[in-house]
1. Quick test of the membrane-span-like rule: which DSSP H helices of the chain reach at least 18 Å along their long axis (C-alpha atoms) with mean Kyte hydropathy at least -1.0?
2. Putting +1 on Lys and Arg Cβ atoms and -1 on Asp and Glu Cβ atoms, find which of 14, 35, 56 reaches farthest to the positive end of the dipole of segment 1-63.
3. How high is the FRET efficiency from residue 190 to residue 220, r the C-beta distance, R0 22 Å, rounded to 0.05?
4. When a/c reaches 1.5 or more, the comparison of a/b and b/c decides; with that in mind, is segment 1-147 rounded, prolate or oblate per its Cα gyration tensor?
5. Over segment 147-277, what number does the Rg to Rh ratio reach, with both radii from the alpha-carbon atoms and Rh per Kirkwood?
6. Among 236, 184, 199, which residue has its Cα positioned farthest towards the positive end of the charge dipole of the chain, with +1 placed on the Cβ of Lys and Arg, -1 on the Cβ of Asp and Glu, and the dipole taken about the Cα centre?
7. For the pair residue 40/residue 155, report the inter-label distance in nm, with labels modelled 7 Å from Cα in the Cβ direction.
8. At 7 Å along the Cα-to-beta-carbon direction for both residue 129 and residue 257, put a label point, then send me their distance in nm to one decimal.
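Bear in mind these aren't lab numbers, they're just calculated from the coordinates by the rules spelled out. If you're wondering where the values come from, they're calculated on a predicted model, not measured in any experiment. Cβ: placed from backbone, ideal geometry, glycine included. Neighbour counts: every protein chain shown.
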Amino acid sequence: MPERVAFIGLGNMGYPMAKQLVDGGVEVAGYDVDPNRSGAFARHAGGKKVESVEQAVRQSDIVITMLPGSKLVEETIGSAKNALTRGALLIDMTSGIPMVTRRLADFLNPVGISIIDAPVSGGVARAQTGDLSIMTGGDPADCGRADPLLRLMGSTITHVGALGAGQAMKALNNLVSAGGFLIGVEALLIGKRFGLEPSKMVDVFNTSTGMNNSTQKKLRQFVLSRTFNAGFSLELMVKDLSIALEIARDGDATAPFSALCREMWSGASKSLGPGADHTAMAVFSEQLAGMALA
Ligand code: NAD
């Protein structure tokens, strides 16, 4: 593993992903705008402590970004442009906006920096075990260069197309995931009013054709338990759904259910406020239904 890595954004996902790299023998300079996170990464995960983005990227062949959104990636990398090494590769693992990533490429390519997008799916649990699903977009040679690092963080790496294609795929994956969650909760509410037991309903979904990732991994664990702490925020889910809808609009694709789905999640985010986990979406559905599941 010859390359030195700068990892920017050590949040719920970035921290365990960067730790997988360290555990795989990679030298990782980890930076987060929150000094507590950078400090914890150096103290507890074996990362190299750095004080700024510039310091992190200065001696790195590979820069990985795992930030809340594309605008932050653009600003952060833009501010550190002069410290980037010519020939370096930026791997943007953020669930981002394809058009913004392409604009960033137009800015970086002329100064000898390549970029691919490599967003992930699987949540915090799979980030901690290096078992993420990673979808890449960009030049195949650049994706090949990233591959050994990506394999330390994910068990499935799928190249889906040109730069930005990974991020489009990621947004559409979360559209499917968000729709599955929403309809799962709605079915539980309808069933409870009818007299069915929600916990038993989840059991039946999971042995029947109604099964999806939410019925398997979220409804019992985070909704019926009332813990609402899956580690993926409601705000970030709304961002992903907005990207999916933007892609539909840019392509003039008819997407009525996607629009309704985004509106529901966006309404929940406004109603529940900042900091809510995405699984708290169920509380908004409960409010609309005028009843609670538990
Ligand atoms: P998070 O909010 O937990 O982490 C983001 C981190 O970025 C924070 O620690 C924050 O301090 C840091 N940060 C913000 N601005 C910065 C800057 N300018 N420089 C350096 N650090 C900065 O979010 P997360 O859940 O880890 O999500 C990160 C990305 O991964 C998002 O794009 C999200 O959509 C995506 N994602 C999240 C999950 C999940 O389950 N949480 C799953 C798949 C993809």
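1. Taking the DSSP H segments of the chain (at least 18 Å long, mean hydropathy at least -1.0), we get 140-153, 165-194, 234-250, 256-272.
2. 35
3. My answer for the efficiency is 0.80.
4. Since a/c stays below 1.5, the shape of segment 1-147 is classed as rounded.
5. So for segment 147-277, dividing Rg by the Kirkwood Rh gives 1.01.
6. So the residue furthest toward the plus end is 199.
7. Computed distance between label sites residue 40 and residue 155 equals 2.5 nm.
8. 3.0 nm
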